[in-house]
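Take a look at the structure set out below.
Only the coordinates and a few stated rules stand behind these numbers; no lab work does. All of these numbers come straight from a predicted model, not from anything done at the bench. Positions of Cβ are backbone-derived with ideal geometry, glycine not excepted, and every protein chain shown enters the neighbour counts.
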Amino acid sequence: MDYSHVRDVDPAVADALSGEVRRQNETLAMIASENHASEAVLEAQGSALTNKYAEGYPGERYYAGCEYADEVEQLAIDRAKELWGAEHVNVQPHSGSQANMGVYLAMLEPGDKILSLDLTHGGHLSHGHPANFAGQTYEVEQYEVDAETGYVDYDGLDELAESFDPDTIVSGYSAYPREVEWERIQETADAVDAYHLADIAHITGLVAAGVHSSPVGVADFVTGSTHKTIRAGRGGMILCDSEYADAIDNAVFPGTQGGPLMHNIAGKAVGFKEALSSDFQAYAEQTVANAKALADQLQEHGLELVSGGTDNHLILADLRPSHPETTGKDVEAALESAGIVMNANTVPGETRSAFNPSGIRLGTPAITTRGFDEAATREVADLIARVIDDYDDETVVAEVGERVQELCDAYPLYE
Ligand SMILES: *Cc1c(COP(=O)(O)O)cnc(C)c1O
C-alpha cells in the first residue's frame, strides 16, 4: 500500500494514509468493534465502483450501465444468504445504524414504542438514545442487565414489555460479553405482539461461523454491521423473511438512502466469500478462545469482569473493585501510549460518567486476525494488567510498549 497516486496529488493525505497503515501495523487493536479487513477487501472498496450510480436493486435499477454493479450486489446477497441462512438480505445500508433505521422506518410510525437495552448497560445509540434519531422519533423504554450477574435481566424485560406494550423489542448489543437468548426474547415479543429486531452488529462473524447462536429464523429482523467480527469492510445489512422483503428494500432505498455505496458492497461480497472458507471458521473459533484466555488471565490478575467472563469476542472489566481510584480513561490513555488501543466503557451500575467511565472493554477480533493464539493473548493480558496497576508509571508503560512492538513484529499485518 504505497498510495502513489494519492501522493502525486495530495502528499498530506498520502502521509496520513501511510501513517494509518503504520499505526495499525505497530499497535494492537483491541477495540471490540474493530478488525482488519484483508487487502482483497480493501482493494474492492477502493475500486471504480465508487463512481457508479445504482439506485434500485439488481435487475431493477434507475440508471443504465449497471451490469457489473448488479453482478457484485447479487454475489454479496447470495453469499450473505449462505452465511446467515436468511430468506432475504439487503446489503445496501451504509452502516449498522442505517440498517436499524431501515427496519424502524419499515415497521414503525413516528411515536411508536421501542423497548431496548440501556446504553450504559451495553446497548447502542441507534436503539433509541435521546441524542439519536431513534430516540427523537420513537417513544423509548429501556431494560437493563442484572446488576449482580451482568446477564440480561430477562424477567425484568418481561415485566417492562407487559407494562410498556412496545411495538418493537430490540436485542443484540455493543458491550455484552454473553450469549443472547434470542428465543426467550422472541417469546416476550410474541406475548405483547411486538416485532423483534436482533442487532448482531458485533457478532456477525461469530454467528456466521456458528460459534454464537443465530437469531435468524427466530427474530423478525436481524441487522448487522459488516466491518466487525465478519471483517468484510465498513457497512451494514438487513436480514429478514421473504414476507418483509419489499418493506425493507423500500425503507432502505428510497426510504433512507440514495445511491448504494457500490464499492463498499464489492468489499462486502469479497469479505463474505472469505468468510465462507474453513479458514474463517477456524478464525471465529480462535477469536472466542482468545477472548476466554484474555478473560481468564485478567481475572488471575485480580480484575473483576462484568458477568464473570465471556462467551464471545469481548470482555468488560469493572475497575472499581480492584482499582477504585483508577478510571477507564486513565487506563485507555496509558495503554494507548504502550501501543494497545482499546476503549474506556461504562459498566452496569456506573457511578462515574459516560466520558470518564469505570470500565474498559477489550476485544480479540483484530489480534486474532493477526494470528494471535491463546498463549500470545495471555501475554497481552499480562501486559494490560501491568499497565492498569501502574498506569502513571512512565517506565512501566515504556517497557510494556517495547514488548508490544515485538509482538506486532512477530504477528505482521499489512505489507
Ligand atoms: C456497532 C454497532 C452498530 C452499528 O454501528 P455503525 O457504526 O453505524 O456501523 C449497531 N448496533 C450495535 C449493537 C453496534 O454495536
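The mean sequence distance of close C-alpha pairs (under 8 Å, at least 6 residues apart), as a share of the length of the range 197-283, puts its relative contact order at 27 percent. Electrostatic bookkeeping for Glu300 treats Lys and Arg as +1 and Asp and Glu as -1; over the other residues with beta carbon under 10 Å from its beta carbon, the sum is -1.
If the segment from Tyr68 to Asp193 were pulled out straight at 0.36 nm per residue, it would be longer than the present Cα-Cα gap by 40.8 nm. In this simple spin-label approximation, Glu379 and Leu17 carry label points 7 Å from Cα along the Cα→Cβ vector, and these lie 3.4 nm apart.
If r is the Cβ-Cβ distance from Asp279 to Glu26 and R0 is 25 Å, what FRET efficiency results, to the nearest 0.05? FRET efficiency, Asp279 to Glu26: 0.50.
To make sure I understand the rule: partners must be aspartates and glutamates, Cα under 18 Å from the Cα of Lys81, and not fewer than 8 residues away in the same chain. Which ones qualify? Straight-distance partners of Lys81: Asp70, Glu71, Glu73, Asp199, Asp220, Asp241, Glu243, Asp246, Asp249, Glu274. Taking 21 Å as the cut-off for C-alpha to C-alpha distance, list the pairs among Lys228/Lys273; Lys228/Lys268; Lys52/Lys268; Lys268/Lys292; Lys228/Lys329; Lys52/Lys228 that go past it. Check vs 21 Å cut-off fails for Lys268/Lys292; Lys228/Lys329; Lys52/Lys228. In terms of the mean number of neighbouring beta-carbon atoms within 10 Å, the peptides 218-230, 34-46, 159-171 order highest first as 218-230, 159-171, 34-46. About the centre of its Cα atoms, the range 286-410 shows a dipole size close to 520 debye [charges on the beta carbon of Lys, Arg (+1) and Asp, Glu (-1) only; nearest 20 debye]. Loop-located trypsin sites (Lys or Arg not before Pro) across the range 69-176 with a Cβ neighbour count of 11 or fewer within 10 Å are lacking, with loop assigned by DSSP. Going 7 Å from the Cα of Ala245 along its beta-carbon direction, which residues of the range 71-96 have the amide nitrogen within less than 19 Å of the resulting point? Those under the cut-off are 71-93. Rounded to the nearest Hz, the phi-derived 3J(HN,Hα) couplings of the range 170-184 under the Karplus curve 6.51 cos²θ - 1.76 cosθ + 1.60 (θ = phi - 60°) are 9, 10, x, 9, 9, 9, 10, x, 10, 4, 9, 8, 4, 4, 4, where x marks glycine and proline. Peptides 395-407, 87-99 ranked from most to least packed give 87-99, 395-407, packing being the mean of other C-beta atoms within 10 angstrom over each peptide's residues.
Relative to the Cα centre, the charge distribution of the chain, modelled as +1 at Lys and Arg Cβ and -1 at Asp and Glu Cβ, gives a dipole magnitude of about 1060 debye. For the peptides 190-200, 278-288, residues were scored by their other Cβ atoms within 10 Å and the scores averaged per peptide; the highest-first order is 190-200, 278-288. Candidate cross-link partners of Lys113 among the aspartates and glutamates, defined by an alpha-carbon separation under 14 Å and a same-chain spacing of 8 or more, comprise Glu139, Glu141, Glu162, Asp165, Asp167, Asp193.
Here the Karplus relation 6.51 cos²θ - 1.76 cosθ + 1.60, evaluated at θ = phi - 60°, turns the backbone of the range 357-371 into coupling constants of x, 9, x, 10, 10, 10, x, 9, x, 6, 5, 5, 4, 6, x Hz, with x for every Gly and Pro.
Between Asp199 and Ser171, Gly172, Thr223, the built amide H atoms are under 5 Å apart, and every one of these is 5 or more places off in sequence or on another chain. The residue list His127, Asn35, Met107 was ranked by how far each Cα lies along the charge dipole of the range 4-163 toward its positive end, using unit charges on Cβ atoms, and Asn35 comes out on top. Extension gain for Glu43 to Glu399 (0.36 nm times residue separation, less C-alpha to C-alpha distance): 124.5 nm. Rounded to the nearest Hz, the phi-derived 3J(HN,Hα) couplings of the range 326-342 under the Karplus curve 6.51 cos²θ - 1.76 cosθ + 1.60 (θ = phi - 60°) are 9, 9, x, 5, 4, 5, 4, 5, 5, 5, 5, 4, 8, x, 10, 9, 9, where x marks glycine and proline. Note on the range 20-79: with charges restricted to the Cβ of Lys and Arg (+1) and Asp and Glu (-1), its dipole about the Cα centre is near 200 debye.
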